[in-house]
Each structure stands twice: as C-alpha cells, then as structure tokens.
1. State whether one or more residues within segment 47-57 are assigned to a strand (DSSP E or B) and over 11 Å from the mean Cα position of the chain (by Cα).
2. Out of (1) open to solvent by 70 Å² or more (accessible area, probe 1.4 Å); (2) in contact with a helix residue (DSSP H, G or I) (Cβ under 9 Å, 6 or more places away or on another chain), the odd one out for Q107 is which?
3. Select from segment 2-46 the residues that are assigned to a loop (DSSP other than H, G, I, E, B), hydrophobic (A, V, I, L, M, F, W, C) and at pLDDT below 95 and write down the one among them that is most open to solvent (accessible area, probe 1.4 Å).
4. Which residue pairs have Cβ atoms closer than 6 Å, lie 6 or more positions apart in sequence or on different chains, and pair a first residue in segment 47-62 that is open to solvent by 50 Å² or more (accessible area, probe 1.4 Å) and at pLDDT 95 or above with a second residue that is assigned to a strand (DSSP E or B) and hydroxyl-bearing (S, T, Y)?
5. Residues of segment 20-46 being closer than 16 Å to Q75 by Cα and within 10 Å of the chain's Cα centre (by Cα), which ones?
6. Name the pairs: first residue in segment 18-32 and closer than 17 Å to G54 by Cβ, second residue at pLDDT below 95 and part of a helix (DSSP H, G or I), Cβ to Cβ under 8 Å, at least 6 apart or on different chains?
7. For residues that are part of a strand (DSSP E or B) and touching a Phe, Trp or Tyr at 6+ places or on another chain (Cβ under 6 Å), scanning just segment 102-115, find the one that is nearest to N32 (Cα to Cα).
8. Could you count how many residues in segment 63-101 are open to solvent by less than 50 Å² (accessible area, probe 1.4 Å), at pLDDT below 95 and in a loop (DSSP other than H, G, I, E, B)?
Amino acid sequence: QVQPVESGGGLVQPGGSLRLACAASGRIFRINDMGWYRQAPGKLRELVATITTGGRTNYADSVKGRFTISRDNAQNTVYLQMNSLKPEDTAVYYCNLYPSSSPFWGQGTQVTVSS
C-alpha cells in the first residue's frame, strides 16, 4: 500500500484537543518532507503544517500556536496534535508528502468541532 493511512479524527467541543496520526510507507516516509492538509465543505484543500526529514516545522497562520506537527521515523508515522480547536477547524484532514503528490492522497480523517 502506497497511500498513507490517517486516524484519530472525531467529534470534539470547541476548545478541545485531538491527536491525528498518519502511517506511511517506510521507504517513502524516510526520504520525504511530510505535510498535513485539510479540506472543509465547499472549500479547497489547504496546507496546515509541514515537517522536514530533519524535523523542521512550519504552520499555516490559522493554526500557529495551536497545532503541533511531529514525526516518529522509527514508526514511519507523522502526528498532528491539535489544541484549542475551533469550529472553523472542522474538515477532513489528510497527510501527504510536501509538496503533495497525487498518488499519495489517502482517505483522510474527519474532524468535527461543534458544541
């Protein structure tokens, strides 16, 4: 299997937290920068956060200070810790290479922030 497998989404109240995980092919994971992306209903897919193979991170302004991206190279997994969630964070979250590559879009995981 080439596509990453995302997990950890769910329904959470505003102000709550979730931790997303993305399991990727080891061969692909080890040599690529990775990113988390999201797509809200009726909107284009957007980049949320990136992490290089060396662990350097970058964030969209809308999530800076609330979200943290990390990677576990031994487990071929990239994480997205999301704190202080807002209703506008509601979306399907995907991981992919950075820059993204069409063959590697997975099913995503739904995050819904609502009271």
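1. As a first pass, look at segment 47-57 and keep what is assigned to a strand (DSSP E or B): 47-51, 57.
Right, trim to over 11 Å from the mean Cα position of the chain (by Cα) and you get 57.
Yes.
2. Status for Q107: all satisfied but (2).
3. Initial filter on segment 2-46 (assigned to a loop (DSSP other than H, G, I, E, B)): 2-4, 8-9, 13-17, 24-25, 31-33, 40-45.
Those still in the list that are hydrophobic (A, V, I, L, M, F, W, C) too: 2, 24, 31, 40, 44.
Remaining after also requiring at pLDDT below 95: 2, 24, 31.
Values: V2: 68, A24: 21, I31: 129 Å².
Restricting to residues being assigned to a loop (DSSP other than H, G, I, E, B), hydrophobic (A, V, I, L, M, F, W, C) and at pLDDT below 95, the top hit is I31.
4. These pairs meet every condition: L47/Y37; N58/T50.
5. L20, A21, C22, M34
6. That search, which allows pairs on different chains as well, returns I28/F104.
7. Of all residues in segment 102-115, those part of a strand (DSSP E or B) come to 109-113.
Applying the additional criterion that residues be touching a Phe, Trp or Tyr at 6+ places or on another chain (Cβ under 6 Å) yields 109, 111.
Numbers: T109: 21, V111: 25 Å.
Going through the qualifying residues, I end up with T109.
8. Selection size over segment 63-101: 2.
The values are calculated or read from the model by the stated rules, or taken from the named source; none is laboratory data. Remember, predicted model here, so these are calculated numbers, not experimental data. Every residue, glycine as well, gets a Cβ built from its backbone with ideal geometry; the counts of neighbours run over all protein chains shown. With ligands, DNA and RNA removed, areas are computed over all heavy atoms of the protein, side chains included. Shrake-Rupley method; radii C 1.70, N 1.55, O 1.52, S 1.80 Å.
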